[in-house]
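Data block below; observations after.
The values are calculated or read from the model by the stated rules, or taken from the named source; none is laboratory data. Please read these numbers as outputs of a predicted model, since none were measured by experiment. Note: ideal-geometry Cβ built from the backbone for every residue, glycine included; neighbour counts use all protein chains shown.
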Amino acid sequence: MFLTLAMPGCLSLVVGREMMEGARGKPEVLNVAEQFDLSHTFVVDGTDFVPEQVQKTVSQDLPIDYTVQKIVINFQTTMNHDWVLGEQDERYVHVILLVCDETGNNCESTPIYERRAENGSYPAERYEIDLNSDIYQRGQWNLTVEGRGVGTDTGISLIDFKDSWSLIVTIIRPCLSFPESPEVCTPTIEFD
């Protein structure tokens, strides 16, 4: 072995690499969480005497490969109905998660997760999707949230109010952490 290390060329590199690999500690499999925040707060400038409702749509493609173990969805809405805007006061938030193929174009019509909060606050909810079974197709899933709300920002805290929704999605997949650099955890999909 010492003779091959002293020799120039590829043979000495192979032996040197094997020695370094043998000195490295064993990797540890951990879980890494990737978060997507689709939260929104409705705010208008506050110059109108009666504020108008504002429409907002946010969409996010979620990369769901075969290593993903779990998806966690945290959702809630806050609608301030101390201010009623007449008969046209229709505030809502609609969340829908669809399974799509690898391209993200062909999505199933039946959602995996769907919530609709209408004219009122929706309490905080934590929803988990376990992907350790084979019932879900992998691909570019699509999460869309659409809502209508009102908010004012006049600078006078007694009269200001803001409708909002909080939607945070966390994708959990395994990663490898080596003892030499424990602060770095590489997703296992990158080793394919």
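For Val169, are the conditions met, namely being of a type in the set (A, V, I, L, M) and more than 30 Å from Tyr122 (Cα to Cα)? Against the criterion (of a type in the set (A, V, I, L, M) and more than 30 Å from Tyr122 (Cα to Cα)), Val169 does not qualify. Inspect all residues belonging to region 161-169 and state whether any of them is without any contact (Cβ under 8 Å) to a residue 12 or more places away in the chain, more than 21 Å from Ile71 (Cβ to Cβ), out of contact with any Cys (no Cβ under 8 Å at 6 or more places or on another chain) and of a type in the set (A, V, I, L, M, F, W, C). No, region 161-169 contains no residue that is without any contact (Cβ under 8 Å) to a residue 12 or more places away in the chain, more than 21 Å from Ile71 (Cβ to Cβ), out of contact with any Cys (no Cβ under 8 Å at 6 or more places or on another chain) and of a type in the set (A, V, I, L, M, F, W, C). Residue count for region 145-192 satisfying the condition of being of a type in the set (S, T, N, Q) and within 20 Å of Ser39 (Cβ to Cβ): 4. Only a single item in (1) in contact with an Asp or Glu (Cβ under 8 Å, 6 or more places away or on another chain); (2) surrounded by 13 or more Cβ atoms within 10 Å (Cβ to Cβ); (3) within 30 Å of Asn31 (Cβ to Cβ) is not met by Pro179, and it is number (2). Arg126 meets all of the listed conditions (1) closer than 23 Å to Pro174 by Cβ; (2) surrounded by 12 or more Cβ atoms within 10 Å (Cβ to Cβ) but one, namely (2).
Of the strands (runs of 3 or more DSSP E) entirely within region 86-192, those holding at least 2 residues that are modelled with pLDDT of 80 or more and touching a Pro at 6+ places or on another chain (Cβ under 9 Å) occupy 92-98, 139-149, 164-177. Looking only at residues in region 36-52 that are surrounded by 13 or more Cβ atoms within 10 Å (Cβ to Cβ) and in a loop (DSSP other than H, G, I, E, B), the one that is modelled with the lowest pLDDT is Gly46.
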